[in-house]
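The values are calculated or read from the model by the stated rules, or taken from the named source; none is laboratory data. Model, not experiment: these values are computed from the prediction. No Cβ is skipped: glycine too gets one built from the backbone with ideal geometry, and neighbour counts run over all protein chains shown. These area figures cover heavy atoms from the full protein model, side chains too; ligands, DNA and RNA do not enter into them. Shrake-Rupley method; radii C 1.70, N 1.55, O 1.52, S 1.80 Å.
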Amino acid sequence: MNTPTDKGLIDTGVMDEALDREWADLLSPTRRQWIRYTGLAVGSVALASLATPSLATQSSGLADAGKNYAEPPHKPGESPWGYETYKQPTPRPFSARPGEKQLPAQPRAYTDIKSYHAHIYFDEDTYEKAALIRHWSAERFLVELGDWNLEPRGPHTTPSFYFGFTNDLLPKIVPWLQLNSLGLTILIHPNTVDPRADHLYYALWVNRTQPVNAFDWPTLEKRKDLSVEQIYPNTKPHVELEA
Ligand code: ZN
């Protein structure tokens, strides 16, 4: 039984629907609980049935693949892991950031940043705060204000809305959002030719961070077109910024 982690997923570029599904099932608390209660044998059959023939025939080279998320069969009163686990060599995990193992030869130019996004995150308890930030922002800044996203969208794992803005507004918008976040989590990221890195490594967070879903997002080396996100302001600011 292969698991997605056994195959150096991002390195090989193996991304398909069945694999997505397998990941989702592996990460599902309900399924994990079900596997735990019904034992590995049943869980393996269920997981195997989700895999495509091509996945099932791919060899991970690991006879024990799959034991990390469910207990192997074992005799009552004995450890399912055996008694030699302390002798295991230290494994090195597959890189989640292929192509980033080398240190860069020189720093990136700050002028690579063409614009910014601010993503404001909220939930069922904080949506009114988000609405106030949205209203206040649109009254004061010439920005590109997007729609409400009531469900996870793209890399954003909770409900959110965003506005995009040009570089010249950065010195005002960052401190303004710091003082007017109302406690919400806000991601401010630059827009360069590398949107994956923009969200994962070049980010500014207001208050706390939260997970960013970069699954299946190509690294810069694998991007086919090197376009940069454009900003088309759509607000009509009419309130003078408090100062
Ligand atoms: Zn964005």
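Points to keep in mind about this one:
- Accessible solvent surface per residue of region 89-243, calculated while the other protein chains remain in place, 1.4 angstrom probe, Å²: 64
- At the residue level, TRP81 shows approximately 130 square angstrom of accessible surface with a 1.4 angstrom probe and all protein chains present.
- Accessible heavy-atom area order of ASP216, ASP147, ASP194, highest first, probe of 1.4 Å: ASP147, ASP216, ASP194
- Order of exposure, largest accessible area first, which applies to ARG108, ARG140 with probe 1.4 Å: ARG108, ARG140
- Hypothetical label at LEU204: residues of region 118-136 whose amide nitrogen lies under 18 Å (7 Å Cα-Cβ projection): 118-121, 134
- Rolling a 1.4 Å probe across all protein chains gives ILE188 an accessible area of roughly 0 Å².
- Taking each of LYS114/LYS172; LYS172/LYS222; LYS172/LYS236 in turn, the alpha-carbon distance tops 27 angstrom for LYS172/LYS222.
- Solvent-accessible area, 1.4 Å probe, carbon plus sulfur percent, for region 112-222: 55
- Each Lys or Arg adds one and each Asp or Glu takes one away; over the other residues whose Cβ falls under 15 Å from the Cβ of GLY146, this sums to -2.
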